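Colleague: This is the structure I have questions about; it appears just below.
The values are calculated or read from the model by the stated rules, or taken from the named source; none is laboratory data. Given the structure is predicted, the values throughout are model-derived calculations rather than measurements. We place every Cβ from the backbone using ideal geometry, glycine too, and count neighbours over all the protein chains shown.
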């Protein structure tokens, strides 16, 4: 673990969670939560850390919703890429038939 990552996990994330739990910062949706995280130098890959540490149910819900949405997006992007590649091969084979 790099020093920066260690500092982030042991200090910065805890400070942000404390602000969220004290209601000093009140994100209303996943977009505003992401903005707050970026302002504090925290990448969205650390959403799970915030979700585990926070005591505010609304923030937990935002974290879970964002993590699920990102997971769904990644799965859909993978499936769409596979479909495009499959169709690309089919189109090449079809084009080759007409060419011959």
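Colleague: Can we say residue 78 is out of contact with any helix residue (DSSP H, G or I) (no Cβ under 8 Å at 6 or more places or on another chain) and surrounded by 11 or more Cβ atoms within 10 Å (Cβ to Cβ)?
Modeller: no
Colleague: Given the range 7-68, what helices (runs of 4 or more DSSP H) lie entirely inside it while holding 2 or more residues that are at positive phi, surrounded by fewer than 13 Cβ atoms within 10 Å (Cβ to Cβ) and modelled with pLDDT under 95?
Modeller: The helices (runs of 4 or more DSSP H) meeting that bar number zero.
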